[in-house]
Amino acid sequence: MNGLRRIAMWSGPRNVSTAMMRAWGNRTDTIVCDEPLYAHYLLATGIDHPGRDEVIAAQETDWKKVVERLTGPPPRGQAIFYQKHMAHHLLDVIDRGWLSALTHCFLIRDPREMLLSLIGKLPDAAVADTGLPQQVELVDFVQKLTGRTPPIVDARDVLESPREMLTLLCEACGVAFDEAMLSWPAGSRATDGVWAKYWYAAAEQSTGFAPYRPRHEPLPSRYDALLGQCREYYDRLYAMRLRP
């Protein structure tokens with residue numbers, strides 16, 4: 001690797017994104033940043049999420065100041081600045097020019113399994129809340145910017161073959177794979193957002209990527225239309241994913 005690498009991982013909620021952040025955060029050459037545009041998203045949209053007021057109070061709400069930090073020197077001078085982003089936090093009002101300073105990658109998950117988890121927190125979720133339309137938009141943007149398809153990894157592939165998938169992801173991002181990414185201490189992190197107590201229970205108990213276990217319970221029928229919308233976006237991304 002030559003010089004600083006700012007890695008932006010664009011995910012949607014309930015996509016094992018916090019476990020992925022744990023993996024990168026366990027590297028000694030890496031500092032991680034947890035959903036830096038979340039407070040701006042909540043304030044600008046007025047949407048109600050668990051801990052909304054806490055997030056807005058604790059985190060910078062001016063997207064321009066957030067971007068300055070994301071494109072500047074990483075905290076503590078590490079060589080890799082890993083940024084965990086929710087794709088739907090990148091609102092239309094936010095200029096896209098700064099994205100050229102980042103190395104982009106994407107984390108997706110089968111929408112039925114994702115929705116089974118998401119509706120427990122956001123029972124009135126719409127397709128925009130899943131990050132999938134925004135991920136497709138961002139992949140198109142990065143393809144036009146770089147002339148290449150950015151690395152896309154599927155959560156199931158990661159859980160079934162963590163070493164192989166993390167090796168492929170690291171190579172695609174221009175960094176060397178590190179064995180430290182496969183296991184980490186349980187517990188919270190100083191780098192976790194204040195929303196961790198609402199969303200991160202499983203991640204805080206984890207010490208590595210848990211084996212994949214399919215969810216067999218039915219998705220309530222009132223989400224059929226939403227699932228269909230999600231599936232269209234997901235299938236397009238899935239076809240471009242890094243394959244184990």
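When the residues of region 90-131 are filtered to those that are of a type in the set (D, E, K, R) and surrounded by 15 or more Cβ atoms within 10 Å (Cβ to Cβ), which remaining residue is farthest from LEU166 (Cα to Cα)?
First, the residues of region 90-131 that are of a type in the set (D, E, K, R): 92, 95-96, 109-110, 112-113, 121, 124, 129.
Going one step further and asking which of them are surrounded by 15 or more Cβ atoms within 10 Å (Cβ to Cβ), we end up with 109-110, 112-113, 129.
Numbers: ARG109: 16, ASP110: 19, ARG112: 24, GLU113: 22, ASP129: 26 Å.
By that ranking, first place goes to ASP129.
Checking the condition in contact (Cβ under 8 Å) with a residue 24 or more places away in the chain and among the small types (Gly, Ala, Ser), which residue from ALA176, ALA186 passes?
Working: ALA186 fails: in contact (Cβ under 8 Å) with a residue 24 or more places away in the chain.
Answer to the selection: ALA176.
The rows are residues; the columns are (1) of a type in the set (A, V, I, L, M); (2) part of a loop (DSSP other than H, G, I, E, B); (3) free of Cβ contacts under 8 Å to residues at least 12 places away in the same chain.
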{"position": "ALA8", "(1), (2), (3)": "yes, no, no"}
{"position": "PRO13", "(1), (2), (3)": "no, yes, no"}
{"position": "ARG27", "(1), (2), (3)": "no, yes, no"}
{"position": "GLU54", "(1), (2), (3)": "no, no, no"}
{"position": "LYS64", "(1), (2), (3)": "no, no, yes"}
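Given the conditions (1) hydroxyl-bearing (Ser, Thr, Tyr); (2) touching a Lys or Arg at 6+ places or on another chain (Cβ under 8 Å); (3) within 23 Å of HIS89 (Cα to Cα); (4) buried (at least 16 other Cβ atoms within 10 Å of the Cβ), which single one is not true for TYR233?
Failing condition for TYR233: (2).
Give the residues of region 76-90 that are part of a strand (DSSP E or B), over 9 Å from ILE31 (Cα atoms) and not basic (Lys, Arg), sorted by residue number. Spell out the reasoning first.
If we filter region 76-90 for residues that are part of a strand (DSSP E or B), which is where we start, we get 80-86.
Next, only the ones that are over 9 Å from ILE31 (Cα atoms) stay: 84-86.
The answer is HIS85, MET86.
If you check PRO50 against the conditions, is it surrounded by fewer than 15 Cβ atoms within 10 Å (Cβ to Cβ), at pLDDT below 95, within 19 Å of the chain's Cα centre (by Cα) and in a loop (DSSP other than H, G, I, E, B)?
Values: surrounded by fewer than 15 Cβ atoms within 10 Å (Cβ to Cβ): yes; at pLDDT below 95: yes; within 19 Å of the chain's Cα centre (by Cα): yes; in a loop (DSSP other than H, G, I, E, B): yes.
Answer is yes for this residue.
If you scan region 123-182, which residues turn out to be closer than 19 Å to HIS89 by Cβ and outside any helix (DSSP H, G or I)?
Answer for region 123-182, where residues must be closer than 19 Å to HIS89 by Cβ and outside any helix (DSSP H, G or I): ASP124, ALA125, ALA126, GLY131, PRO150, ILE152.
Does ALA186 satisfy being part of a loop (DSSP other than H, G, I, E, B), surrounded by fewer than 14 Cβ atoms within 10 Å (Cβ to Cβ) and at pLDDT 95 or above?
On the way: part of a loop (DSSP other than H, G, I, E, B): yes; surrounded by fewer than 14 Cβ atoms within 10 Å (Cβ to Cβ): yes; at pLDDT 95 or above: yes.
Criteria met by ALA186.
Based on this model, can you work out whether ARG148 counts as on the phi < 0 side of the Ramachandran plot, touching a residue at least 12 places away in the same chain (Cβ under 8 Å), surrounded by fewer than 17 Cβ atoms within 10 Å (Cβ to Cβ) and over 18 Å from the mean Cα position of the chain (by Cα)?
On the way: on the phi < 0 side of the Ramachandran plot: yes; touching a residue at least 12 places away in the same chain (Cβ under 8 Å): no; surrounded by fewer than 17 Cβ atoms within 10 Å (Cβ to Cβ): yes; over 18 Å from the mean Cα position of the chain (by Cα): yes.
In short, no.
Which members of region 61-75 meet the condition of being surrounded by 15 or more Cβ atoms within 10 Å (Cβ to Cβ) and more than 25 Å from ASP29 (Cβ to Cβ)?
Listed by number, the residues that qualify are THR61, TRP63.
The values are calculated or read from the model by the stated rules, or taken from the named source; none is laboratory data. Values in this document were obtained by computation on a predicted structure and should not be read as measured data. FYI the Cβ positions are ideal-geometry reconstructions off the backbone, even for glycines, and counts take in every protein chain you see.
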